[in-house]
Amino acid sequence: MKMNKIRYILLPVAAVVMLTAATGCDDLFREKPNDKLSEEVIWSSELLLDEYTMSWYRNMDNGFSTFVTTLMKGLGREYEPWYTDQLTVSRSDWYQGDYGDILKSSQQEITNRGRSMWLKYYTQIRSINRLLENEGEIPDGAHKNRILGEAHFFRAYYYYLLLRMYGGPLLLKRTYEPIDEPETKFPRASFEETVNFIVEEANLAATYLDNKTTSDNAGRPCKGTCYVLAGKAYFWASGAHFQNVDEATPWLGFSDNRIEAMLRAAEREYDKARDLNIYSLMPVKGTTKDEIVAGYREIFLTKNSCESIWEVQHADDGDFSTKNGHKLDRESASPYFGGTTCAYVPTQNNVDEYFTINGKSIKEDASYDANNPYDNRDYRFYANVLYDGAMWNGHVMDIHYTRQDGVDIAGEDLQVYGSSTTACVTRTGYYLAKFRRETQKIDNDDTYASSQNCIIWRWAEILLDYAEIYYQTGREGEAMAMLNAIRERVHMPLYTSVTFEQIKQERRVELAFEKSIYWDLLRYNDAERAMTGRTNPLYGVKIVKNEDGTVSRQQVVVNGRNTVVRYFRARQYYWPIAWDDVRYHGVEQNPEWLEM
């Protein structure tokens, strides 16, 4: 049965196969339901087993589906790059919701969100553990192998998500009923123990799964996905923030420096994925600017391509609420196309990261013309960002003001569409192009859904990971080769030497607005600087065409409604785990979090 079919069909059994229900004494664990189908029926049915696994997929990542709430605090979901310095949002009311509170480093809202995510991940782990404990009841065959492979993969994946967010979690390898075992308590696992478990589970999953996912199972993990997950666990553990931590808190990192050891371990796992020969960079055909730009954009519009390793499978068509659709195109559109949200607007910070076509930064290239800043830039800039004068769907983007009789008249893409009090325009002077489908219809149908998949990992990112690994282990030539493979695809000049800062810069350009950017800032131990307004303001641009024909460009600060609303404090490297479980299991909370 095709993955894109079974993912979205809401059958009656979807409700009855849920085997978790809340208990009154413990947020983390669940009692068995007494009003559902018997487990024996589920384990013996391929259809019910497939339905059973769907919650693992549904909860693994939000993809492009977002929900900013002002009422149900802690339950919202945001697109992670909104917290970086590459993207921001334009709707002022969102700064009054949980998104804005987290952006401001609100302890209460981060505690609420931390509890919500902790519970969500452990709900899935419990579901996985229950299936694995009943694997003997599942009929032998190819379907069983796939289900077991998915179970071990997702157990590894959810612990990977927990590790990134909280440090060492409570490592549960079986189901547990606190009412039946009131004396049983679980300690926090060490950082090292968690990494090792993720890798073991991912490699075990690979033994059950095929080398390559076939088209009729698109979106499911295969061996390569498992090896990349194992590599990602090691790669995350190589982060500077996780080295030389206090021996009394082993769940926060290593007591010594393991950077090189973790990098080399990540390399070994990535090599396994590479040796399958199933992943490659998706080619960009053509040699002209327009052809290169169109070809690069197509990478993010092609579902499950040769470059893709792991994607959130969004629906090809249909209802936004029931078929896992998303509204990226609508929420990114300018008012000229009927957009009212402007939720994904690139910053000037991001625009300045793109080198010139000569392969130099705008500060280093003497040919760069500040009066014509969008000329002769990296082709990925044109593919990713809509700027004043860019062409989009037959429309020349009009993101400037024209001064007439001393009054600044807003261009078409700066005039609010409709009568909604929350309708807005870009706050940075730019609109998003990357990920978007140029011909997507934007209308008032609230049920419509965009269809692009959201890529979690792609082969270009693994090449960039390799570049870091090679450089930090003394192999600069091999690191340079990884970067040049990526640059050659987009017809950019190749490096003749390389520094670590160039590797990071190439990563930020190639992976611009993708989910890894947020986590990179934490991995580099750079989040406090990069995500705080005082140390790294977000900038935009206001362009005015004057009455005498000259053009003025004013840099503006767009941290939020006021000048400084972005904060990232040191405690946010590790979010607070659910306080109910801190008390129940007698474990230590992450540093600096207080019970609210």
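The values are calculated or read from the model by the stated rules, or taken from the named source; none is laboratory data. Since the model is a prediction, treat every value here as computed from it, not as a measurement. Positions of Cβ are backbone-derived with ideal geometry, glycine not excepted, and every protein chain shown enters the neighbour counts. To get the accessible areas, we keep the full protein, side chains included, count just its heavy atoms, and leave off ligands, DNA and RNA. Shrake-Rupley method; radii C 1.70, N 1.55, O 1.52, S 1.80 Å.
Counting residues in the range 152-262 as N, plug N into 2.2 N^0.38 Å and put the Cα Rg over that result.
Details: Rg = 15.8 Å, N = 111, 2.2 N^0.38 = 13.2 Å.
Cα Rg divided by the expected 2.2 N^0.38 Å: 1.20.
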Can you tally the net charge around Y471? Count Lys and Arg as +1, Asp and Glu as -1, for every other residue whose Cβ sits under 14 Å from the Cβ of Y471.
-4
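Measure off, as a whole percent, the carbon and sulfur share of the 1.4 Å-probe accessible area of the range 123-245, all protein chains present.
The nonpolar share, carbon plus sulfur, comes to 46 percent.
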Accessible area, 1.4 Å probe, largest first: how do K223, K360, K272 sort?
K360, K272, K223
Expressed as a percent, the accessible surface of the range 261-307 that is carbon or sulfur, using a 1.4 Å probe and the full set of protein chains, is 51
Which whole-Hz couplings ³J(HN,Hα) result when phi for each residue of the range 151-160 is put into the Karplus expression 6.51 cos²θ - 1.76 cosθ + 1.60, θ = phi - 60°, listed in order with x for Gly and Pro?
4, 5, 4, 6, 5, 5, 5, 5, 6, 5
Return, ordered by residue number, the residues of the range 407-422 whose backbone nitrogen is under 14 Å from a label point located 7 Å along Cα→Cβ of E547.
407-409
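Based on the inverse mean of 1/r over its pairs of different Cα atoms, what is the Kirkwood hydrodynamic radius of the chain, in Å? If you can, show how the numbers build up before the last one.
On the way: mean 1/r = 0.0395 Å⁻¹.
Kirkwood hydrodynamic radius for the chain: 25.3 Å.
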Note: probe point = Cα of K120 + 7 Å toward Cβ; backbone nitrogen < 16 Å; residues of the range 43-62 passing the test are 54-62
Spin-label pair L276/D140, simplified geometry with 7 Å Cα→Cβ offset, distance in nm
2.6
Report, by chain and number, residues whose modeled amide H sits under 5 Å from the one on N559, excluding near sequence neighbours (fewer than 5 apart, same chain).
L538
Compute the distance in nm between two label points, each set 7 Å from the Cα along the Cα-to-Cβ direction, one at D180 and one at V556.
6.1
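Return the FRET efficiency for the residue pair S419, E193: r is the Cβ-Cβ distance, R0 is 60 Å, and the value is rounded to the nearest 0.05. Walk me through the numbers on the way to the answer.
Numbers: r = 57 Å, r/R0 = 0.95.
Efficiency, from the Cβ-Cβ distance: 0.60.
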Where the Cα pairs of the range 292-390 fall when distances are cut into 5 Å bins, in %
2, 10, 15, 17, 19, 15, 10, 6, 3, 1, 0
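For D526 and L132 in the same chain, what is the full-extension length gain: residue separation times 0.36 nm, less their Cα-Cα distance, in nm? Walk me through the intermediate numbers first.
Details: separation 394, 0.36 × 394 = 141.84 nm, distance 3.93 nm.
Fully extending the segment from D526 to L132 adds 137.9 nm.
So what is the accessible area of the chain per residue, in Å², with the probe set to 1.4 Å? Kindly include the intermediate steps, with their values, before the conclusion.
Values: 23380 Å² over 596 residues.
Each residue of the chain exposes 39 Å² on average to a 1.4 Å probe.
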Collect residues whose amide H, placed 1.01 Å from N in the peptide plane, falls under 5 Å from the amide H of W457; neighbours closer than 5 in sequence don't count.
I309, W310
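With 23 Å as the cut-off, how large is the P(r) tail for the range 238-352, expressed as percent of Cα-Cα pairs? Can you show the working numbers first?
Values: 4122 of 6555 pairs.
Result: 63 percent of Cα pairs exceed 23 Å.
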Counting only protein heavy atoms and leaving out ligands, DNA and RNA, the solvent-accessible surface of V557 at a 1.4 Å probe, in Å² to the nearest 10, equals 80
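Find how much the distance from D290 to T535 grows on full extension, using 0.36 nm per residue of separation minus their present alpha carbon separation; answer in nm with one decimal. All intermediate terms of the calculation are to be shown ahead of the outcome.
Values: separation 245, 0.36 × 245 = 88.20 nm, distance 3.69 nm.
Fully extending the segment from D290 to T535 adds 84.5 nm.
Counting only C-alpha contacts under 8 Å and six or more residues apart, can you give the relative contact order of the chain as a whole percent? Show your work: numbers first, answer last.
Details: 1097 pairs, mean separation 105.7, N = 596.
For the chain, the relative contact order is 18 percent.
Ignoring any ligand, DNA or RNA, what whole percent of the accessible area of the range 479-596 comes from carbon and sulfur when the probe is 1.4 angstrom? Could the numbers behind the result be given before it?
Values: 2520 of 5030 Å².
Solvent-exposed carbon and sulfur of the range 479-596 make up 50 percent of the total.
So between V565 and T302, what do we pick up on full extension, going 0.36 nm a residue minus the alpha carbon distance? If you can, show how the numbers build up before the last one.
Numbers: separation 263, 0.36 × 263 = 94.68 nm, distance 3.68 nm.
Between V565 and T302, full extension yields 91.0 nm more.
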Using a basic spin-label model with each label point 7 Å from the Cα along Cα→Cβ, how many nm lie between E412 and S497?
4.9
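Provide the FRET efficiency to the nearest 0.05 for the S38-D352 pair, computing r from the beta carbons and using R0 = 56 Å. Present the calculation step by step, with values, prior to reporting the outcome.
On the way: r = 61 Å, r/R0 = 1.09.
E(calc), rounded to 0.05, equals 0.40.
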Given a cut-off of under 8 Å on Cα pairs at least six residues apart, what relative contact order in percent is computed for the range 283-423?
19
